[in-house]
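Structure record follows, encoded as structure tokens.
Read-outs throughout are calculated quantities, based only on the coordinates presented, and are distinct from any laboratory measurement. This one's a predicted model, so the numbers in the text were calculated from it and none came from an experiment. Counting neighbours? That spans all protein chains shown, and the Cβs are built from the backbone with ideal geometry, glycine included.
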């Protein structure tokens, strides 16, 4: 799978706003490049990506269903969803939220790992489905339902899974 937008490695070492001494490349004193807690993918993770891709391909409709997601619960079951587009953009519902609803309604209410994939628009030069990070609202939702969840993202080191908290360093708190 090919990235839609190149990740700029030069930005990984830029300070995070409000977090002096911290950057996306890790916490102070960390010498390994990449995101804190990043892990390589295993066979189950590749199957999760394929489940999201299959859900998207089955239900793809340009501009209406352009993102697919898959969540694996801690009991090993996989739950999928597709983005529900709407004429009024704020009424759209993310694919991760649809999959999360299925985990809550029919599953064990846990999230071990999540992934989202995006279908390119018809006029984009690269026509490959690619792994994309969850939006901010979905990061919050994943964190609310399972703070120990991992999310598969495309990093400068290729596809990796990272703790959802890595993608949301300052989550909303009630």
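The table for this structure:
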read-out: Cα shape, region 36-165, gyration tensor, a/c 1.5 rule; value: oblate
read-out: Rounded if a/c under 1.5, otherwise prolate or oblate - region 98-174, Cα gyration tensor axes; value: prolate
read-out: Separation of alpha-carbon centers, region 107-145 and region 35-100, rounded to whole Å; value: 5
read-out: Sequence ranges 64-70, 77-83, ranked by mean other-Cβ count within 10 angstrom, highest first; value: 64-70, 77-83
read-out: Spin-label model distance (nm) - residue 140 vs residue 84, 7 Å beyond Cα toward Cβ; value: 1.9
read-out: Difference of contour (0.36 nm per residue) and Cα-Cα distance, residue 64 to residue 39; value: 5.7 nm
read-out: Fully extended contour minus Cα-Cα distance, from residue 174 to residue 148, at 0.36 nm per residue; value: 7.5 nm
